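These notes concern the structure reproduced below.
The values are calculated or read from the model by the stated rules, or taken from the named source; none is laboratory data. Treat the numbers as computed from the prediction; the structure is a model and nothing was measured. Quick reminder, even Gly has a Cβ in these numbers, built from the backbone with ideal geometry, and neighbours come from all protein chains shown. What goes into the accessible areas is simple: the full protein's heavy atoms, side chains included, and nothing from ligands, DNA or RNA. Shrake-Rupley method; radii C 1.70, N 1.55, O 1.52, S 1.80 Å.
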Amino acid sequence: MQNTFESRPKAKPARIAAKRASETMLQRMVKRYRRHRMAMIGLFILIAITLYVLMGSFFVTERYANETDFANKWAAPSISHPFGTDAAGRDVLARTIYGGQVTMIISLLAMLVTAILGTVLGLLSGYYGGGIDSLIMRFSEALLSIPLLFLLLVVSKFIGAQTASVTVLGREFSGSVLIVILILGFTGWMGLARIVRAQVLSLREQDFVTAARAVGARSGYIVFRHIMPNALTSVIVYTTLGISNVILLEAYIGFLGTGVQPPTASWGNMIQRATEKIDSAWWMWFFPGVLILLTVLSINFIGDGLRDALDPYSNK
Amino acid sequence: MSSYFLKRSLQAVPLLFLISVILFLLMYSIGDPLAIVMNVPRRPSGDQLLQAQRRLGLDQPIYMQYVYWLVGNDWNYVDIDGDGTTNEQMRGTRRGILRGDLGASMVTRQPVPVRIGERLSNTLILMIPAYILILIVSFTLGVIAALRQYSFWDNALTTVAFIFYSMPIFLISLAMIMIFAVTFRNWGLPSLPIAGIGRPGEPRTFANLLPYMIMPVLSLTLVSSAAYIRYVRASVLDVINQDHVRTARAKGLPERRILIWHVLRNAALPLVTLVGLDVPFLLGGAIVTESIFAWPGMGMLFIESLERSDYPVLMGMLMLLALFVVVAQIVTDVLYRVVDPRVRLN
């Protein structure tokens, strides 16, 4: 990967070029990233939120977060409930912690599904062309012609929200968590597949691929060892920015009631019943809403910084 | 040009078929549309239910249901009592979407176009002003930010745009309700209604609707302008640094003329595509915004129909949206090639 980037000559003053050569590519990327002020701020905010969500587990238990107390529902923030209580008397502070874990797990895993699907389908489509290409592209066109939120809601109804709960690492999750991951993962690959395909189309005509083919490398080897590493930067940037998109979509379907099902909390479904008492219970939507905003904002900043840092042609 | 247009239109036909097949497969498993009638006080007997299923064609295998939806079933007989024989008077009544019959809602029995039509107008009341505002706001601010690149105003605008770009729309909507509807009312100031589309019984004049429109239109504008501002800014910056702008400046043209004739006209080109591709999504309304403000538009109709598995309405809505997306893509492509002679047709 390093070689392919450095083999492209760029007119540069000799002194800088000499200095550059002594750095590894990773060092150069880190340096470029650190110069991006908003990206660094974004990274700190994201670390802080992640710590809040993870460390919270040491102070409150998940059972407490899911415990209903109908005598004390819609309670305003107080010392015993700093963020107030929700429509079932559950503590909003504890739920932002466990809901945050669920939201983060969902967005990471959904994006992993999207990244794998998008990359593999894009590689297949771009490298082999022909029938596979038109099949994948027509299918992605069809899915892209349906507004995403509509598609998500239909698919979530299709898979059905009523599934048994699953136990992972000694914790019980509503089965809907798994479903939301799959729904978001399987409806987000189209954009990435198209980007990867476009990259492959131009990469496959380049000399180093011809050279690899000339020495007798098999297609699979060429695709995964020569082409994929070069398309990787776009995948990384797309996936990073995609995570923030997934968090928003999870929040929307949670808000509309087809996402993660209570008692398991997610930042999205915590806001679901906020409209019932819109004239008083502001804490129901304010805390999860602000956490979503901060997380999405910091990930967008990070993605922006990564795009600049990973682009080998930007010399800012 | 016309041959290109024709070619693209012909390609759209199989695409729409594919979309309809995917959607129909999804619809088939979203639930039983007749489940709702089982909850009414005078619930029908099992026999009546079976008959209703047969009349609606729900007993047929999925490919037959798709065929009925596509071309209707008036060429076929409905075996209403399930004895294997058909009686002459029970001919199918549906004509299929290809012959202009979108079917009837399973819940209200209204024809689908009627059901969609009444909601579509509500959505457009909301979306058209919002979109006009979005274009005005984002174009003005985007151009200002680009012309003063890296200035205080550029940085401030870009940062604020970034924040709104990351904003979940319910956060800004609920915050607005909290401030302009709830707090203002508590303080005795003139306040906006929390939600709905006018008082019941009142005629829907613009003056009556305006207070109900302000908050949903504003939240849509704030959230959607953010992405557009970034786009306009990038697009203007792209043009400003091109040679022909430098030439125009070198030959002494006044700045205003350079901006309008050389920069904005070129910067607007990529926006044609962006706007063209976004317009069909106006029809879909904004599901989240409509449900927060209880605005009975397309988004709400979609949620209601989904809850009741009313698949003729869902299919009608989604196919209408998909049709507009596909048509808008073709029109945008052709338009773009008209306004930008550098793009070759092939």
When every residue in segment B:294-310 that is open to solvent by 10 Å² or more (accessible area, probe 1.4 Å) and more than 10 Å from chain A (Cβ to nearest Cβ) is compared, the one modelled with the lowest pLDDT is B:Arg308
Scan segment A:178-201 and report the pairs whose first residue is farther than 19 Å from A:Asn230 by Cβ and whose second residue is open to solvent by 60 Å² or more (accessible area, probe 1.4 Å) and outside any helix (DSSP H, G or I), with Cβ atoms within less than 9 Å and a gap of 6+ or a chain change.
A:Leu178/A:Thr163; A:Ile179/A:Thr163
All but one of (1) open to solvent by 20 Å² or more (accessible area, probe 1.4 Å); (2) within 22 Å of B:Pro168 (Cβ to Cβ); (3) not hydroxyl-bearing (Ser, Thr, Tyr) hold for A:Asp311; which doesn't?
(2)
Filter segment A:273-302 down to residues that are farther than 20 Å from B:Phe293 by Cα and in contact with a Ser or Thr (Cβ under 7 Å, 6 or more places away or on another chain), then give me how many there are.
8
List every residue pair whose Cβ atoms lie under 7 Å apart, where the two residues are 6 or more positions apart in sequence or sit on different chains, the first residue falls within segment A:284-304 and is more than 8 Å from chain B (Cβ to nearest Cβ) and open to solvent by less than 30 Å² (accessible area, probe 1.4 Å), and the second residue, located anywhere, is hydrophobic (A, V, I, L, M, F, W, C) and not in a helix (DSSP H, G or I).
A:Pro288/A:Trp267; A:Leu291/A:Trp267
Among the residues that make up segment B:142-162, is at least one of them closer than 30 Å to A:Gln272 by Cβ, open to solvent by 20 Å² or more (accessible area, probe 1.4 Å) and modelled with pLDDT of 90 or more?
yes
Unique residue being open to solvent by 40 Å² or more (accessible area, probe 1.4 Å) and outside any helix (DSSP H, G or I) when the list is B:Pro203, B:Pro211:
B:Pro203
In segment A:184-231, the residues that are in a loop (DSSP other than H, G, I, E, B) and either touching a Leu at 6+ places or on another chain (Cβ under 9 Å) or under 13 Å from A:Leu124 (Cα atoms) (or both):
A:Thr187, A:Gly188, A:Arg204
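Test A:Ser156 against the stated conditions and say whether it is surrounded by 22 or more Cβ atoms within 10 Å (Cβ to Cβ), within 14 Å of chain B (Cβ to nearest Cβ) and modelled with pLDDT under 90. Give the derivation first.
Numbers: surrounded by 22 or more Cβ atoms within 10 Å (Cβ to Cβ): yes; within 14 Å of chain B (Cβ to nearest Cβ): yes; modelled with pLDDT under 90: yes.
So A:Ser156 passes the test.
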Do any helices (runs of 4 or more DSSP H) lying entirely in segment B:94-200 carry at least 2 residues that are away from chain A (no Cβ under 11 Å), aliphatic (A, V, I, L, M) and closer than 24 Å to A:Leu294 by Cβ, and which ones are they?
B:112-147, B:152-165
Looking at A:Ile278, A:Ile247, A:Ile243, can you tell me which residue is out of contact with any Leu (no Cβ under 9 Å at 6 or more places or on another chain) and within 13 Å of chain B (Cβ to nearest Cβ)?
A:Ile247
Looking at segment B:243-293, which of the residues that are open to solvent by 20 Å² or more (accessible area, probe 1.4 Å) and among the polar types (S, T, N, Q) is nearest to the other protein chains (Cβ to nearest Cβ)?
B:Ser291
In segment B:56-93, what residues are at pLDDT 75 or above and assigned to a helix (DSSP H, G or I)?
B:Ile62, B:Tyr63, B:Met64, B:Gln65, B:Tyr66, B:Val67, B:Tyr68, B:Trp69, B:Leu70, B:Val71
Unique residue being over 30 Å from B:Tyr228 (Cα atoms) and either open to solvent by less than 60 Å² (accessible area, probe 1.4 Å) or at pLDDT 85 or above (or both) when the list is B:Ile97, B:Ile132
B:Ile97
Which residues, taken from segment B:232-259, are over 16 Å from B:Ala145 (Cα atoms) and of a type in the set (A, V, I, L, M)?
B:Val245, B:Ala248, B:Ala250, B:Leu253, B:Ile258
Here is a check on your reading of the model: is A:Thr103 within 26 Å of the chain's Cα centre (by Cα) and closer than 30 Å to A:Ala231 by Cα?
yes
Being more than 16 Å from B:Ser291 (Cα to Cα), part of a helix (DSSP H, G or I) and not acidic (Asp, Glu): is that true of A:Ile253 here?
no
Select, from B:Leu6, B:Leu16, B:Leu26, the only residue that is out of contact with any Asp or Glu (no Cβ under 6 Å at 6 or more places or on another chain), at pLDDT 75 or above and more than 14 Å from chain A (Cβ to nearest Cβ).
B:Leu6
Is it fair to say A:Ile132 is surrounded by fewer than 17 Cβ atoms within 10 Å (Cβ to Cβ) and under 18 Å from A:Arg197 (Cβ atoms)?
yes
Could you tell me which of the residues A:Phe158, A:Phe139, A:Phe150 is in a helix (DSSP H, G or I) and either touching a Ser or Thr at 6+ places or on another chain (Cβ under 6 Å) or polar (S, T, N, Q) (or both)?
A:Phe158
Cβ-Cβ under 8 Å pairs, at least 6 apart or on other chains, segment B:14-27 side open to solvent by 50 Å² or more (accessible area, probe 1.4 Å), far side of a type in the set (Gly, Ala, Ser)
B:Leu18/A:Ala142
